[in-house]
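> This is the structure, below, for whatever I ask next.
What follows is calculated from the coordinates using simple rules that are stated; it is not laboratory data. It should be emphasised that the depicted structure is a prediction, and the values quoted were computed from it without experimental measurement. Every residue, glycine as well, gets a Cβ built from its backbone with ideal geometry; the counts of neighbours run over all protein chains shown.
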Amino acid sequence: MTMTLFYAANSCSLASHLALAHSGATYSARKVDFTKSEQRTPEYLAVNPKGRVPALVTERGIITENPAILAYVAQRFPAAKLLPVDDVYLFAQAQSFNSYLASTVHVAHAHRYRGARWSDDPAAHESMRRKVPETMTACFQQIESDYFQGPFVLGDQYSACDMYVFTISQWLEGDEVDVNQFAKVSALRKWMFANPVVQQVLQSQ
Ligand SMILES: N[C@@H](CCC(=O)N[C@@H](CS)C(=O)NCC(=O)O)C(=O)O
């Protein structure tokens, strides 16, 4: 059985998509069209009852949540060196970074478009939206000062952490944050845009 990744354009599923493409795995990618609310159809809710992407269908079942998918792909295809799976401490550091992106940075960004998750009050949505440039700037400052070793997040090894932060950095312009103020992230983005596998995945979206 070939694995299947359910993804949506311009979404966080790009991180898992990049990791699969770099892993050498045989997989197929199925687009979930948010403009048609396909993530809320019974067919997709049978794949992921949370109505979110990414979801990775494997021989043994379905995996959701980017940090889990990234860890799974990295451990299943260790030759791709997507994460330092042989070193428990370094693996925990990588998990710390990916968990920070999923639980804090992504959620900060979601306050721009998804305020309805937290409030029914349109004034509160607007208030949350206004805060996003400040919170996303603070998050990326934290990434640069406390996590990013350079030239890649984990140091010399290109990893799934880079793929994930690249994915979220794609949202900064829409969040009214100038990515150029983050030197390490900007250099990584330049390197990744020149990477043929990244280009192939971006064009397939
Ligand atoms: N914590 C989840 C977040 C998944 C998530 O929120 N995905 C968004 C796209 S970036 C989504 O599917 N949104 C659809 C919706 O809210 O209807 C992960 O990291 O995989």
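> Considering the Cα trace of segment 33-143, what is its radius of gyration and what is Dmax, both in angstroms?
17.0, 50
> Check residue 30: other-chain or 5+ apart residues with amide H under 5 Å from its amide H, H built from backbone geometry?
Distant-sequence amide H within range of residue 30: 5, 6, 7.
> Continuing with the same structure: Once you put a point 7 Å from the Cα of residue 200 and another 7 Å from the Cα of residue 76, both along the Cβ direction, what distance in nm separates them?
Going by the 7 Å Cα→Cβ label model, 1.8 nm.
> If you don't mind, there's one more thing I want to ask. Take the alpha carbon atoms of segment 39-98, find their center, do the same for segment 133-205, and report the distance between the two centers in whole angstrom.
Centre-to-centre distance over Cα atoms comes out at 19 Å.
> Now for a different question. Which whole-number percent gives the relative contact order of segment 15-67, counting Cα pairs below 8 Å spaced six or more residues apart?
RCO, segment 15-67: 24 percent.
> As a quick test, which of the pairs 81/184; 31/190; 81/131; 31/81; 36/184; 36/81 have an alpha carbon distance above 30 angstrom in this structure?
As for pairs spanning more than 30 Å Cα to Cα, those are 81/131; 36/184; 36/81.
> On to the next question. In what sequence, highest mean first, do 65-75, 84-94 appear when ranked by Cβ atoms within 10 angstrom? Spell out each step's value before the answer.
Working: 65-75: 21.2, 84-94: 14.8.
So the order, starting with the most tightly packed, is 65-75, 84-94.
> Still on this structure, please answer the following. How much length is gained if the chain between residue 27 and residue 121 is pulled fully straight, taking 0.36 nm per residue apart and subtracting their Cα-Cα distance, in nm to one decimal?
Here the segment from residue 27 to residue 121 would lengthen by 29.6 nm.
> Expressed as cubic angstrom per residue, what is the convex hull volume of the alpha carbon set of the chain?
123
> Going by average Cβ neighbours within 10 Å, how do the peptides 16-29, 131-144 rank, with the highest at the top?
Numbers: 16-29: 19.9, 131-144: 17.5.
Highest mean packing first, the order is 16-29, 131-144.
> Related question: Put a dot 7 Å past each Cα toward the Cβ at residue 95 and residue 129; how far apart are the dots in nm?
Computed distance between label sites residue 129 and residue 95 equals 3.8 nm.
> As a test of the formula, what do you get for the chain when each DSSP H run with n ≥ 4 contributes -39,500 (n - 2.57) and the sum is divided by the residue count, at 222 nm and rounded to the nearest 500 deg cm²/dmol?
On the way: 9 runs with 100 residues, N = 205.
Calculated at 222 nm, the ellipticity per residue is -15000 deg cm²/dmol.
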